[in-house]
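What follows is a single structure, written as structure tokens, with notes after it.
The values are calculated or read from the model by the stated rules, or taken from the named source; none is laboratory data. Note that the coordinates shown come from a computational prediction; the quantities given were computed from them, not determined experimentally. All Cβ positions, glycine included, derive from the backbone under ideal geometry; neighbour counts span all protein chains shown.
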Number of protein chains: 2
Amino acid sequence: MSLAGKVLIAQGGGPTAVINQTLVGIVLEARKFPQVTKVYGAIKGVEGLLNEDFLDLTQETTHNLEQVALTPSSALLSTRVKPDSKYCHEIFKVLKAHDVRYFFYIGGNDSADTVRIVNEEAKMAKYDLRAIHVPKTIDNDLVLNDHTPGYGSAARFVAQAFTGINLDTRALSGVYLGIVMGRNAGFLTAASAIAQKYPDDGPHLIYLPERKFNTDKFLGDVKRIYDRLGRCVVAVSEGIKDDSGIPILASLLKDIDIDSHGNLTLSGTGALGDLLAQEVKGKLGISRVRSDTFGYLQRSFLGCVSDVDQQEAREAGERAVQMAMWQDLDGSVTINRTGFYSVDYRLVKLEEVAGKTKLMPDEYINEDSNHVTDAFKYYVRPLLGSGLQSPALLRAPKVTKILRGE
Amino acid sequence: MSLAGKVLIAQGGGPTAVINQTLVGIVLEARKFPQVTKVYGAIKGVEGLLNEDFLDLTQETTHNLEQVALTPSSALLSTRVKPDSKYCHEIFKVLKAHDVRYFFYIGGNDSADTVRIVNEEAKMAKYDLRAIHVPKTIDNDLVLNDHTPGYGSAARFVAQAFTGINLDTRALSGVYLGIVMGRNAGFLTAASAIAQKYPDDGPHLIYLPERKFNTDKFLGDVKRIYDRLGRCVVAVSEGIKDDSGIPILASLLKDIDIDSHGNLTLSGTGALGDLLAQEVKGKLGISRVRSDTFGYLQRSFLGCVSDVDQQEAREAGERAVQMAMWQDLDGSVTINRTGFYSVDYRLVKLEEVAGKTKLMPDEYINEDSNHVTDAFKYYVRPLLGSGLQSPALLRAPKVTKILRGE
């Protein structure tokens, strides 16, 4: 096949540490094909698609592209706009006006849905267009994917953060709560488990949005660990909900009953951690309680990246172009695990991925709903990549006391 | 000189990424001297000194010590206890009982004061003791030191975090507030400036505790940047204070006037960022405003370390032993800059460092009190070490619009 015309690429949703690897994989691979007349990049996702804000990536040096590939966050910029059918219809008109014949959209399940609708517009208009969705999301919540590009690097950040926090809390005691991204899927929070090396290492407790969160149960869990070790490190997903499905942040705020004069809304990022810390301080009487909300650090931190994630993000982009060019296909690229540890890439129908959310399977969550299983560690470890440092504790013998003889 | 007896080492205050380099530098160097009968480590700083909780580090393998050196946080554990004279007197009795003749305490200016008092106890008792303070603090606030071990690695974390945050905010617009540690000295917050590579890169504003913080001035600064760029990245020190020296956190809380029923105290770590974000949202009408409080991540994050910092922390420990053994001296080890970039180590009197705090000099802060100068960048850059990744932006030309022709 040699459908001639332009390639257009966009990046959607939240940035990741490796989304530019995918972009560069597409650009460099597409520039090899003679039927490709130009390679364009849309600025700010669907906003750029609507407004014809394009960069001509045919005129970008290979050297700078390789540097961009190593740079976190979306080099084409992004948007949170979720286009409706009318919006997608306008996008299609733009693609047609520019003779775009290959459309690649790197994003999550909302982005897959945009590709699906634009593709249907093209079919209805009998306009020959190859439309491909390429996965990315730190949440790891795309169905039919073993995992998604971006997750491995964010998971590595979370594991490295909790490794340090575990050592810090070991040195100074107390309770530590780390709030991790993930509104519905707990994969990123669960990656904190890789921080456990020695038997009494934290995180000692992990709370995921896949299980109902009960504050009394949580306090009991913390007390049990703290009484035994004198410290307790907890990983909490920002998306934890109570029995009725109400986010814990909202239900804790209600209990506390703030008279805010209409001014104070505690939706700032630190609020959930601070409120849970208040509960621990107030109800368990533990004085040293700290909470950190990992926030934006976990998805864009410079230099914390999984080499496996980098390679897969790059290949997903390359394979997307190859499948469009050689096999004349539309669809969504998926990553499939074939061994320990190996993957391949397949194309599935856009409607199979679009708008759907994958959650942590039951076998990855422990019975008590406050930690992960070994099956999850086996699943996640390869995704974090090579060169993950292993911390070491002193193992020297204790000295016999003289003045305070035991 | 060959004063025979034991070596005792302790670590005080907050952990850093390289405090174990100093510990291991002392242990390995001390084990070379024949007059050293044993090398002990006190568990939990002064608490271990009081309670005779010692590890016999003479019986620790060199291999494991080298692994511990690479591990963040205090391997001997730490404490926030600040001993008084009576406490120090008890410590001296313990040192004497164990025939400790060389006492090394790795810590900040409070730790230096503990060494000073213990040393005076020894002199009064005519007990021959070499007492040496070895510097560490991420705050970089020890006088007579060009900088302190631990600062470079924490500064590298802050620079890497803001590099990513700058790219993230570039992709999705809005205002971002990053709250950085530093109650009195702004060195760590100031290191965020290294994230600026391209002319419009953030952090666009940096607020330090060395200057009075005025909320209206802050809002004006943010508005000016946001109007020009559509985004604004701000680094804020946790220790910023108003005209009367009251922490901004406290003064903002007062304005908001919460009816807490005696329950709600917003002293959790996310509070300052959340409150400043509320101000920006409410008074500037900007909808996308995010804040992260870097919290404990910045001092213990695994694998984010400056090689320069590692090397200096190690050498400071080695030199401490050498000065005690070969030159029969007491004092505080200091790092002195001798070139761009080279250092040497000197010993100063304990009372010259103990209990004193170094702040950012005026020449490092801009006239408008909302950023740093090039002099500061020249000062700080070598401390962050080698291999700091440089992010890259796309520089491809824009494509001419067809439907929405300009």
- [ ] Evaluate the following for B:ASN145: is it part of a loop (DSSP other than H, G, I, E, B), in contact (Cβ under 8 Å) with a residue 12 or more places away in the chain, touching a His at 6+ places or on another chain (Cβ under 8 Å) and more than 18 Å from B:ASN366 (Cα to Cα)?
- [x] no
Task: Residues being buried (at least 23 other Cβ atoms within 10 Å of the Cβ) and among the charged types (D, E, K, R) - total across region A:164-209 - done: 2
Task: Filter pass, B:THR163 being of a type in the set (Ser, Thr, Tyr) and in a helix (DSSP H, G or I) - done: yes
Task: Which listed residue, of B:LEU77, B:LEU3, is touching a residue at least 12 places away in the same chain (Cβ under 8 Å), within 19 Å of B:ARG101 (Cβ to Cβ) and part of a loop (DSSP other than H, G, I, E, B) - done: B:LEU3
TODO: Output the qualifying pairs, or none if there are none: Cβ atoms under 6 angstrom, residues six or more apart or on different chains, first residue in region B:293-309 and over 26 Å from B:GLY270 (Cβ atoms) and more than 7 Å from chain A (Cβ to nearest Cβ), second residue in a loop (DSSP other than H, G, I, E, B) and of a type in the set (S, T, N, Q).
DONE: B:ASP307/B:SER386
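Tell me which residues, restricted to region A:360-403, are hydroxyl-bearing (Ser, Thr, Tyr), part of a loop (DSSP other than H, G, I, E, B) and in contact (Cβ under 8 Å) with a residue 40 or more places away in the chain. Explain how you work it out, then say what you get.
Within region A:360-403, the subset hydroxyl-bearing (Ser, Thr, Tyr) is A:364, A:369, A:373, A:378-379, A:386, A:390, A:400.
With the extra rule that they be part of a loop (DSSP other than H, G, I, E, B), the set shrinks to A:369, A:373, A:386, A:390, A:400.
Answer for region A:360-403, where residues must be hydroxyl-bearing (Ser, Thr, Tyr), part of a loop (DSSP other than H, G, I, E, B) and in contact (Cβ under 8 Å) with a residue 40 or more places away in the chain: A:SER369, A:SER386, A:SER390.
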Open item on the list: If I go through region A:354-385 residue by residue, how many of them are farther than 19 Å from A:ASP221 by Cβ and touching a Ser or Thr at 6+ places or on another chain (Cβ under 8 Å)?
Closed with: 5
- [ ] Output the residue which, of all residues in region B:244-289 that are exposed (fewer than 13 other Cβ atoms within 10 Å of the Cβ) and away from chain A (no Cβ under 11 Å), is modelled with the highest pLDDT.
- [x] B:GLY285
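Has region A:89-97 got any residue that is assigned to a loop (DSSP other than H, G, I, E, B) and among the small types (Gly, Ala, Ser)?
No - not one qualifying residue is present in region A:89-97.
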- [ ] Would you check if B:ILE179 is among the β-branched types (Val, Ile, Thr) and not assigned by TED's automatic domain parsing to the domain that holds B:LEU347?
- [x] yes
Open item on the list: Quick check on my filter: what residues within region A:96-125 are away from every other protein chain (no Cβ under 14 Å), closer than 23 Å to A:LYS32 by Cβ and surrounded by fewer than 24 Cβ atoms within 10 Å (Cβ to Cβ)?
Closed with: A:ARG101
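Residue-wise test of (1) among the aliphatic types (A, V, I, L, M); (2) more than 8 Å from every other protein chain (Cβ to nearest Cβ); (3) assigned to a helix (DSSP H, G or I).
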{"site": "A:PRO15", "(1), (2), (3)": "no, no, no"}
{"site": "A:ASN20", "(1), (2), (3)": "no, yes, yes"}
{"site": "A:ILE26", "(1), (2), (3)": "yes, yes, yes"}
{"site": "A:VAL39", "(1), (2), (3)": "yes, yes, no"}
{"site": "A:GLY48", "(1), (2), (3)": "no, yes, yes"}
{"site": "A:ASN64", "(1), (2), (3)": "no, no, yes"}
Open item on the list: Suppose we keep only residues that are more than 18 Å from the chain's Cα centre (by Cα) and of a type in the set (A, V, I, L, M) within region A:310-334. Which one would you say is farthest from the other protein chains (Cβ to nearest Cβ)?
Closed with: A:LEU329
- [ ] Identify all residues within region B:309-359 that are outside any helix (DSSP H, G or I) and small (Gly, Ala, Ser); write none if there are none.
- [x] B:GLY331, B:SER332, B:GLY339, B:SER342, B:ALA354, B:GLY355
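Does region A:378-406 hold any residues that are more than 8 Å from every other protein chain (Cβ to nearest Cβ) and surrounded by fewer than 15 Cβ atoms within 10 Å (Cβ to Cβ), and which are they? Reasoning before the result, please.
Quick first cut of region A:378-406, residues more than 8 Å from every other protein chain (Cβ to nearest Cβ) only: A:378-387, A:400, A:405-406.
A:TYR378, A:SER386, A:GLY387, A:THR400, A:GLY405, A:GLU406 - these are the residues of region A:378-406 that are more than 8 Å from every other protein chain (Cβ to nearest Cβ) and surrounded by fewer than 15 Cβ atoms within 10 Å (Cβ to Cβ).
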- [ ] Give the residue, chosen from B:LYS197, B:LYS217, that is part of a helix (DSSP H, G or I) and modelled with pLDDT of 95 or more.
- [x] B:LYS217
Open item on the list: Let me spell it out: the conditions are (1) in a helix (DSSP H, G or I); (2) more than 9 Å from chain A (Cβ to nearest Cβ), and B:ASP139 meets all of them except one. Which number is the exception?
Closed with: (1)
